[in-house]
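This report refers to the structure that appears directly beneath it.
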Amino acid sequence: NAGVTQTPKFQVLKTGQSMTLQCAQDMNHEYMSWYRQDPGMGLRLIHYSVGAGITDQGEVPNGYNVSRSTTEDFPLRLLSAAPSQTSVYFCASSYIGRDGYTFGSGTRLTVV
Amino acid sequence: SQQGEEDPQALSIQEGENATMNCSYKTSINNLQWYRQNSGRGLVHLILIRSNEREKHSGRLRVTLDTSKKSSSLLITASRAADTASYFCATVYGSSNTGKLIFGQGTTLQVKP
């Protein structure tokens with residue numbers, strides 16, 4: 001049982017490049033979310049999904065796209081990377097109405 | 001922003017002492033959750049308390065919820081050096097469990113051996 005798997009663990013991008021952060025869970029969780037964590041800011045919700053085919057915006061969605069074509073996968077796309085998107089990104093998943101989210105180990109992204 | 005506030009931002013205690021962290025939020029909630037994050041790691045879920053509950057226990061953890069004051073507290077009893085971490089409260093706002101979980105900024109706890 002792998003839980004929530006995020007890839008890559010580290011990434012350096014140049015300004016303007018695009019990339020996709022991968023997130024996969026093997027627990028058949030309905031809920032999946034993406035967060036970014038910046039020093040002193042706690043975690044901020046980017047996008048979330050309550051099931052395959054359903055996504056919604058969180059607190060800081062600008063510059064990011066998501067899709068949920070399967071229950072297992074919830075990729076986060078950076079369309080045109082900016083230095084302000086330098087952060088640690090966490091993916092998380094949960095059953096509806098059950099206890100708590102399971103978090104991945106994070107992707108540390110630097111945009112230069 | 002819907003983010004709640006946590007108090008204190010940092011806490012330093014001796015091993016064996018109790019640690020209390022507080023969380024305030026802004027509007028009605030479905031549930032409130034507490035998470036721990038060790039340095040450089042992902043978050044680990046500790047406990048969930050629903051809006052119709054007032055207190056929950058899990059091992060050395062005790063969580064209270066006061067919906068009239070829109071606040072929660074996390075008590076760690078008999079702290080250990082291994083409890084050194086950041087602790088976050090997070091809330092699902094509204095009457096239903098939408099899964100939209102909003103985090104506070106966290107409390108950094110240092111437990112000195």
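The values are calculated or read from the model by the stated rules, or taken from the named source; none is laboratory data. From a predicted model like this one, the values you see are computed outputs, not experimental measurements. When we count neighbours, we look across all protein chains shown, and the Cβ atoms used for this are built from the backbone with ideal geometry, even at glycine. Side chains are part of the model used for accessible areas, which takes the heavy atoms of the whole protein and leaves out ligands, DNA and RNA. Shrake-Rupley method; radii C 1.70, N 1.55, O 1.52, S 1.80 Å.
So, in Å, what gap is there between the alpha-carbon centers of the stretch A:59-77 and the stretch B:27-97?
27
Residue A:47: accessible area at probe 1.4 Å, nearest 10 Å²?
10
How big is the accessible area of residue B:26 in square angstrom, nearest 10, if you roll a 1.4 angstrom probe over the protein chains?
110
From the phi of every residue in the stretch B:49-66, what ³J(HN,Hα) in whole Hz does the Karplus formula 6.51 cos²θ - 1.76 cosθ + 1.60 yield, where θ is phi - 60° and glycine or proline is x?
Working through the residues one at a time gives 10, 8, 5, 9, 9, 10, 7, 9, 10, 8, x, 8, 9, 9, 10, 10, 9, 10 Hz.
Could you work out, residue by residue across B:30-38, how many beta carbons of other chains sit within 10 Å of that residue's beta carbon, and then give the average as an integer?
Going residue by residue through B:30-38 and averaging, the value is 2.
Over the alpha-carbon set of chain A, divide Rg by the Kirkwood Rh and report the Rg/Rh ratio to two decimals.
That ratio equals 0.95.
In square angstrom, what is the accessible area per residue of the stretch B:5-112 with a 1.4 angstrom probe?
46
Label-point separation (nm) for residue A:22 and residue B:60, each offset 7 Å from Cα along Cα-to-Cβ?
3.9
On full extension of the chain, what length is gained from residue A:105 through residue A:54, given 0.36 nm per residue of separation minus the C-alpha to C-alpha distance?
Length gained between residue A:105 and residue A:54: 15.9 nm.
Using only alpha carbon pairs under 8 Å that are at least six residues apart, calculate the relative contact order of chain A and give it in whole percent.
Computed over chain A, the figure is 36 percent.
Kindly state, to the nearest 0.05, the FRET efficiency for residue B:69 paired with residue A:9, given R0 = 35 Å and r defined as their beta-carbon distance.
For R0 = 35 Å, the calculated efficiency reads 0.30.
With every protein chain kept in place and ligands, DNA and RNA left out, what is the accessible area per residue of chain A? Probe 1.4 Å, answer in Å².
On a per-residue basis, chain A sits at 45 Å².
Around residue A:105, with a cut-off of 12 angstrom between Cβ atoms, what is the net charge of the other residues, counting Lys and Arg +1 and Asp and Glu -1?
Summing Lys/Arg as +1 and Asp/Glu as -1 gives +3.
Can you give the accessible area buried between chains A and B, summed over both chains, with a 1.4 Å probe, in Å² to the nearest 100?
That pair of chains buries around 1700 Å² in total.
Counting Lys and Arg as +1 and Asp and Glu as -1, what is the net charge of the other residues whose Cβ lies under 12 Å from the Cβ of residue A:42?
That works out to -2.
Give the carbon-plus-sulfur fraction of the accessible surface of the protein assembly as shown in %, rounded to a whole number; probe 1.4 Å, heavy atoms of protein chains only.
Carbon with sulfur: 47 percent of the solvent-accessible area.
For a Förster distance of 30 Å, can you work out the FRET efficiency between the beta-carbons of residue A:112 and residue B:27, rounded to the nearest 0.05?
Efficiency for this residue pair is about 0.15.
So how far apart, in nm, are the two label points at residue B:41 and residue A:84 if each is 7 Å from Cα heading toward Cβ?
3.3
How many Cβ atoms of partner chains, on average, are near each residue of B:94-106 if near means within 10 Å of its Cβ?
The shielding value for this peptide is 6.
Can you give me the orientation-averaged projected area of the convex hull built on the Cα atoms of chain B, in nm²?
Mean projected area for chain B: 6.7 nm², to one decimal.
With the Cα gyration tensor of the protein assembly as shown in hand, convert its eigenvalues to equivalent ellipsoid semi-axes via √(5λ) and list them largest first in whole Å.
29, 20, 16
Using Cα springs under 10 Å in a Gaussian network model of chain A, which residue among A:53, A:40, A:16 shows the largest mean-square fluctuation?
A:40
Which of B:30, B:22, B:97 moves the most in a Gaussian network model of chain B with Cα springs under 10 Å?
Comparing B:30, B:22, B:97 in a Gaussian network model of chain B, the most mobile one is B:97.
Defining a contact as two alpha carbons under 8 Å apart and six or more residues distant in sequence, what relative contact order in percent does chain B show?
Once normalised by length, the contact order is 38 percent.
Where does the charge balance sit around residue A:28 when Lys and Arg score +1, Asp and Glu -1, over other residues with C-beta under 14 Å from its C-beta?
-2
State, to one decimal in nm, how far the label point of residue A:41 lies from the label point of residue B:7, with both points 7 Å from Cα in the Cβ direction.
Placing both labels 7 Å along Cα→Cβ, they lie 2.5 nm apart.
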